[in-house]
1. Restricting to segment 98-112, count the residues that are under 15 Å from the mean Cα position of the chain (by Cα) and modelled with pLDDT of 75 or more.
2. In segment 1-33, which residue that is surrounded by 11 or more Cβ atoms within 10 Å (Cβ to Cβ) and among the hydrophobic types (A, V, I, L, M, F, W, C) is farthest from residue 55 (Cα to Cα)?
3. Being exposed (fewer than 13 other Cβ atoms within 10 Å of the Cβ), out of contact with any Lys or Arg (no Cβ under 8 Å at 6 or more places or on another chain) and not in a helix (DSSP H, G or I), is that true of even one residue in segment 89-111?
4. Here are some conditions: (1) part of a helix (DSSP H, G or I); (2) surrounded by 12 or more Cβ atoms within 10 Å (Cβ to Cβ); (3) of a type outside the set (Asp, Glu). Residue 36 meets all but one. Which one does it not meet?
5. Examine segment 65-86 for a residue that is at pLDDT 75 or above and closer than 30 Å to residue 47 by Cβ, and state whether such a residue exists.
6. In segment 39-58, what residues are touching a residue at least 24 places away in the same chain (Cβ under 8 Å) and surrounded by 13 or more Cβ atoms within 10 Å (Cβ to Cβ)?
Amino acid sequence: MIGEWLKEHGALLITILVTVGVLFFIYACEPKVSSLWDNGLRINRQELQLELDQLVSLAQLKMVDLDKQEQLRAVILQNALILVQGQPFNPVGLITGVAALYGITTGVSNAGKVAKNIAVKRKANNV
């Protein structure tokens with residue numbers, strides 16, 4: 001009796017089992033890739049996006065640091081050119097330049113701290 005029923009409905013049973021297996025695989029097996037930081041670690045899409053955001057933030061911080069260095073170099077070069085051209089030394093201009101550099105440096109360090117705090121908060125929220 002059971003053997004006959006299995007013969008009649010065997011194809012249907014196999015179809016149901018394969019369908020359930022495929023649905024389980026699709027739902028349960030999340031796609032993962034190697035981490036940007038640690039090749040031995042496998043991460044999902046959200047974790048990869050978090051690492052990418054951290055990488056972009058780090059690159060932005062380095063660009064801000066480069067900008068700060070270039071501005072300092074430009075101020076020094078400008079003051080050196082003024083001295084070479086024979087114009088009298090301008091202490092007010094030098095003080096203004098130093099104050100501007102201090103302001104830029106303070107702003108950059110505050111922006112760096114904010115960016116690092118945002119990255120830490122994102123990582124804490126997504127973990």
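The values are calculated or read from the model by the stated rules, or taken from the named source; none is laboratory data. Quick caveat, the model's predicted, so the values are computed rather than measured. Counting neighbours? That spans all protein chains shown, and the Cβs are built from the backbone with ideal geometry, glycine included.
1. Of the residues in segment 98-112, 0 are under 15 Å from the mean Cα position of the chain (by Cα) and modelled with pLDDT of 75 or more.
2. So, considering only residues that are surrounded by 11 or more Cβ atoms within 10 Å (Cβ to Cβ) and among the hydrophobic types (A, V, I, L, M, F, W, C), the one farthest from residue 55 (Cα to Cα) is 13.
3. yes
4. If we test residue 36 against (1) part of a helix (DSSP H, G or I); (2) surrounded by 12 or more Cβ atoms within 10 Å (Cβ to Cβ); (3) of a type outside the set (Asp, Glu), just (1) comes out false.
5. yes
6. Correct list: 47, 50, 53, 54, 57.
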